[in-house]
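The values are calculated or read from the model by the stated rules, or taken from the named source; none is laboratory data. Bear in mind the structure is a predicted one, so any value in this text is a computation, not a measurement. For neighbour counting, all protein chains shown are included, and Cβ atoms are generated from backbone atoms with ideal geometry for every residue, glycine included.
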Amino acid sequence: MKRWPLLGLGLGAYALSLIATAPASLIDAALQAASASRLRLVEARGTLWSGAGLIELRDEKHRSSVAKNIAWQVLPAYLLRGELRCEVELEEPGKHFPVTLSTARVEVADADIALPAAALGLGVPELTSLGLLGEVLLHIERLSLAPGAIHGNATLQWRAAGSAFTRVSPLGDYELRFAGEGAAARASLHTLRGPLQLDGNGTWKAGGKSVFQGTARIAPQHLQQLAPLLRLIAIERGEGLFDLQLVF
């Protein structure tokens, strides 16, 4: 009878040794499965236990991407729950946030991520041609990704927004609030400040298209300069008023 505890202890130690020495590239497979290959870990080095690489956010056709340096350290206590939880550093050494991986989901919490405005075109291809400028700041309160489902909340701010095709700079600061509700998710956009006022709402459903509908209003003194830019992606309804619909 005394052999069984020893055997269990030996198997547990062996399993831990496998995890500790498993290559970091295995994380990439989990990210691909949970994000339909939109999120990748490339140039991975180290192990599942401790490693580094480049985290890539890719467009739907996987033709362009934005990458950030990433490093992680596994927290062993969570292995007993069947989860792989890491403390992650993204670009900024010393600033951590938790990421949890399992066979069913990827979960991120309490994360702040800065990206160039061009990253918006990865999610909405119609915006790519506008030559977007400025900085995008993403705060994730909690976000859980699984095949066909998304749960949680996040806020995205586009600061000092601009375009390579207009001299009006900045166009404004904008905030998008996102809430995942399982097979569907909702987003609301509003303007914090600026001569170009943007407001609207969007929805996403698993297996279907995402739709965003909104309005754009141009301050009278900037109408002549900004109207040509808005006509590229919106329908003009009146003096300085445009309807915007994006399907992606």
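Some observations on this one:
- The lone exception for residue 109 - which of (1) within 17 Å of the chain's Cα centre (by Cα); (2) within 30 Å of residue 165 (Cα to Cα) it fails: (2)
- Failed criterion for residue 85 (all others in (1) more than 30 Å from residue 248 (Cβ to Cβ); (2) at pLDDT 75 or above; (3) surrounded by fewer than 16 Cβ atoms within 10 Å (Cβ to Cβ); (4) of a type in the set (D, E, K, R) hold): (3)
- Among residues of segment 115-140, those that are hydroxyl-bearing (Ser, Thr, Tyr) and crowded, with 17+ Cβ neighbours inside 10 Å, counted: 0
- Residue list for segment 63-109, filter: in contact (Cβ under 8 Å) with a residue 60 or more places away in the chain and charged (D, E, K, R): 105
- Filter result (at pLDDT below 95 and touching a Phe, Trp or Tyr at 6+ places or on another chain (Cβ under 6 Å)) within segment 204-229: 210, 229
- Cβ pairs under 7 Å, 6+ apart, first in segment 234-245 and over 16 Å from residue 200 (Cβ atoms) and at pLDDT 95 or above, second surrounded by 15 or more Cβ atoms within 10 Å (Cβ to Cβ) and of a type in the set (S, T, N, Q): none
- Criterion (under 25 Å from residue 118 (Cβ atoms), crowded, with 16+ Cβ neighbours inside 10 Å and hydroxyl-bearing (Ser, Thr, Tyr)) met by exactly one of 166, 203, 215: 166
- One residue stands out among those in segment 12-69 that are crowded, with 17+ Cβ neighbours inside 10 Å, outside any loop (DSSP other than H, G, I, E, B) and basic (Lys, Arg): the one that is modelled with the highest pLDDT, which is 40.
- Within segment 213-238, the set of residues being touching a strand residue (DSSP E or B) at 6+ places or on another chain (Cβ under 9 Å) and more than 23 Å from residue 164 (Cα to Cα) comprises 213, 237.
- The strands (runs of 3 or more DSSP E) found entirely in segment 110-209 that carry 1 or more residues being in contact with a Gly (Cβ under 8 Å, 6 or more places away or on another chain) and of a type in the set (S, T, N, Q) are 132-146, 149-163, 184-193, 196-205.
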